[in-house]
Amino acid sequence: QVQLVESGGGLVQAGGSLRLSCAASERTFKNYGMYWFRQAPGKEREFVAAIRWSGGTSYADSLKGRFTISRDNAKNTVYLQMNSLKPEDTAVYYCAAKGGLAFTTTRGDMDYWGKGTLVTVSS
């Protein structure tokens, strides 16, 4: 069982930046693909970014250039750097983990989820 704990959310003005962190309990963290999803009020949870065990990254098309995902396998932590934030980025951001080599952006394919951290962007 992998436990994921997100942190770093909060209130920020439009144009600002935040860095989210997700700490994993599993010592084999490096073998998991790590993902960020988000869920805005009244909307479905959507894919944000992913980083494979190899370090390769993928992003939602609408977020490319503003968000950056990274991982530190020595610290069992994945990060999401969010720049030039907009009010429409307001959401609960969830960290997720998926074992194996297959890559997916489907939330139903994730093996483990964190409880989320709230990001609020004011205009």
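The values are calculated or read from the model by the stated rules, or taken from the named source; none is laboratory data. None of the values given here were measured: they were computed from a predicted structure. So basically every Cβ, Gly included, is an ideal-geometry build from the backbone, and we count neighbours across all protein chains shown. Just so you know, the surface numbers come from the protein's heavy atoms only, side chains and all, with ligands and any DNA or RNA stripped out. Shrake-Rupley method; radii C 1.70, N 1.55, O 1.52, S 1.80 Å.
Looking only at residues in the stretch 10-26 that are open to solvent by 60 Å² or more (accessible area, probe 1.4 Å) and assigned to a strand (DSSP E or B), the one that is farthest from Thr77 (Cα to Cα) is Gln13.
Looking at the stretch 111-123, which of its residues are open to solvent by 40 Å² or more (accessible area, probe 1.4 Å), in a loop (DSSP other than H, G, I, E, B) and out of contact with any Lys or Arg (no Cβ under 6 Å at 6 or more places or on another chain)? Lys115, Ser123, listed by residue number. Of the strands (runs of 3 or more DSSP E) lying entirely inside the stretch 27-106, those containing at least 1 residues that are in contact (Cβ under 8 Å) with a residue 60 or more places away in the chain span 33-39, 46-51, 77-82, 91-98.
Considering the stretch 88-110, and only residues there that are open to solvent by 50 Å² or more (accessible area, probe 1.4 Å) and polar (S, T, N, Q), the residue that is farthest from the chain's Cα centre (by Cα) turns out to be Thr106.
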